[in-house]
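S.K.: Encoded as structure tokens, here's the structure I'll be asking about.
The values are calculated or read from the model by the stated rules, or taken from the named source; none is laboratory data. Keep in mind it's a predicted model, so treat the numbers as computed, not measured. Glycine gets a Cβ as well: all are built from the backbone with ideal geometry, and neighbour counts include every protein chain shown. Please note that ligands, DNA and RNA were not included when accessible areas were found on the heavy atoms of the full protein model with its side chains. Shrake-Rupley method; radii C 1.70, N 1.55, O 1.52, S 1.80 Å.
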Amino acid sequence: MTAAKRSKSKNNLDLLRWYGEMGVEESTGEACVDRFSPAREPRDGDEKAVDAGVAGRKSPSPAPLFAVEEKGDDTSARIESCRTIAELVGILSAFDACPLKKTATNLVFCDGTPTARVMIVGEAPGRDEDLQGKPFVGRSGKLLDRMLGAIGLSRHDEDPAKSVFISNCIFWRPPGNRKPSEAETLMCLPFLERGIELVDPDILVALGATAAQRLLGTTKGIMRSRGQWSTYKTPHGKTIAAIASLHPAYLLRQPAHKRLAWQDFLKIREALDKTPKIDKISGESLS
Ligand code: URA
């Protein structure tokens, strides 16, 4: 063994030992990561720290471990058969295939009003969300609530015209708040897609690069894709108006960019005011 190899292997051993001391008991990633390779891709943590700028960066694209369809059971059919968010939560609670579930405390699927005109999708639960089982309840969630309040919306309002429904691309906290892998977002996607279909919002808001890329199919960085109206197409072919904005966690780190998010949120308000408010159940006007 060369001196270089010996030193690398010692570094890896030290890292493993450190993981052990920190209480890490199992690996939840689907691919080995050589943390000491000079040629390695940026670390998940690196990317999370610059969420607003990640979309233009090349991120690793591992083949999904398996998609829901390939599990050999009828998960897809059961997702499809859900008629309410509560039923979807039931299916998701019994879904054990996502490795993130093993290390998470709670399932974090949604909060808000399922009849809301606006649906918000973030990235993944953090520590507070994991503990409470609800999305966006930590510091970034408090900021999100203030941003929504500023345009007359609240997750606690039951009036569809004033409420929002909130979810994420991932429904279990990634260990250490790392950025979710593509395989993880793909595994959760059928549940999110069905959730969007059931809520059937007038406007879908993707917060941060992960949601913008996964839902709006953009490859542009979030700084370039934010604030532009685009569309989200449901698996059954319905088109929903969609817009990306900056993730509140990023805004907490870069408060100067709150003015950009404010521009985006004003666009959402303007679009809500322009389009007729129709009660999705009765078909009657809400305005
Ligand atoms: N960040 C997210 O993207 N989602 C949450 O639920 C919390 C923080």
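S.K.: Can you report the number of residues in segment 196-217 which are open to solvent by less than 40 Å² (accessible area, probe 1.4 Å) and either at pLDDT below 95 or small (G, A, S) (or both)?
M.R.: Total satisfying the criteria: 5.
S.K.: Based on this model, can you work out whether G141 counts as of a type in the set (G, A, S), open to solvent by less than 50 Å² (accessible area, probe 1.4 Å) and touching a residue at least 12 places away in the same chain (Cβ under 8 Å)? Before you say what the answer is, go through the steps one by one.
M.R.: Details: of a type in the set (G, A, S): yes; open to solvent by less than 50 Å² (accessible area, probe 1.4 Å): yes; touching a residue at least 12 places away in the same chain (Cβ under 8 Å): yes.
Spelling it out, G141 is indeed of a type in the set (G, A, S), open to solvent by less than 50 Å² (accessible area, probe 1.4 Å) and touching a residue at least 12 places away in the same chain (Cβ under 8 Å).
S.K.: Check every one of the helices (runs of 4 or more DSSP H) wholly within segment 218-287 and list those with 1 or more residues that are modelled with pLDDT under 95.
M.R.: Numbers: elements: 222-225, 248-253, 258-274.
Fully inside segment 218-287 and qualifying: 258-274.
S.K.: Also, I was wondering about something else. Out of curiosity, is T113 open to solvent by 10 Å² or more (accessible area, probe 1.4 Å), β-branched (V, I, T) and in contact with a Pro (Cβ under 7 Å, 6 or more places away or on another chain)?
M.R.: Values: open to solvent by 10 Å² or more (accessible area, probe 1.4 Å): yes; β-branched (V, I, T): yes; in contact with a Pro (Cβ under 7 Å, 6 or more places away or on another chain): yes.
It is true that T113 is open to solvent by 10 Å² or more (accessible area, probe 1.4 Å), β-branched (V, I, T) and in contact with a Pro (Cβ under 7 Å, 6 or more places away or on another chain).
S.K.: Under 8 Å between Cβ atoms, at least 6 apart or on separate chains: pull out the pairs that start in segment 1-26 with a residue that is among the charged types (D, E, K, R) and end on any residue that is surrounded by 11 or more Cβ atoms within 10 Å (Cβ to Cβ) and modelled with pLDDT under 70.
M.R.: Pairs found: K8/F36.
S.K.: Among the helices (runs of 4 or more DSSP H) confined wholly to segment 74-181, which include 1 or more residues that are within 16 Å of the ligand (Cβ to nearest atom) and closer than 15 Å to L198 by Cα?
M.R.: Working: elements: 75-81, 85-93, 100-103, 127-132, 139-150.
Where helices (runs of 4 or more DSSP H) fall fully within segment 74-181 and carry at least 1 residues being within 16 Å of the ligand (Cβ to nearest atom) and closer than 15 Å to L198 by Cα, they are 85-93.
S.K.: Kindly provide the set of residues from segment 114-143 that are polar (S, T, N, Q) and in contact with a helix residue (DSSP H, G or I) (Cβ under 9 Å, 6 or more places away or on another chain), ordered by number. Steps first, please.
M.R.: Within segment 114-143, the first condition is being polar (S, T, N, Q), and the residues that meet it are 115, 132, 140.
If the condition is that a residue be polar (S, T, N, Q) and in contact with a helix residue (DSSP H, G or I) (Cβ under 9 Å, 6 or more places away or on another chain), then T115, S140 are the ones that fit.
S.K.: Can you tell me which residue among I196, I170 is on the phi < 0 side of the Ramachandran plot and in contact with a Cys (Cβ under 7 Å, 6 or more places away or on another chain)? Even if it seems obvious, please write down each step before you answer.
M.R.: Values: I196 fails: in contact with a Cys (Cβ under 7 Å, 6 or more places away or on another chain).
Going through I196, I170 in turn, the sole match is I170.
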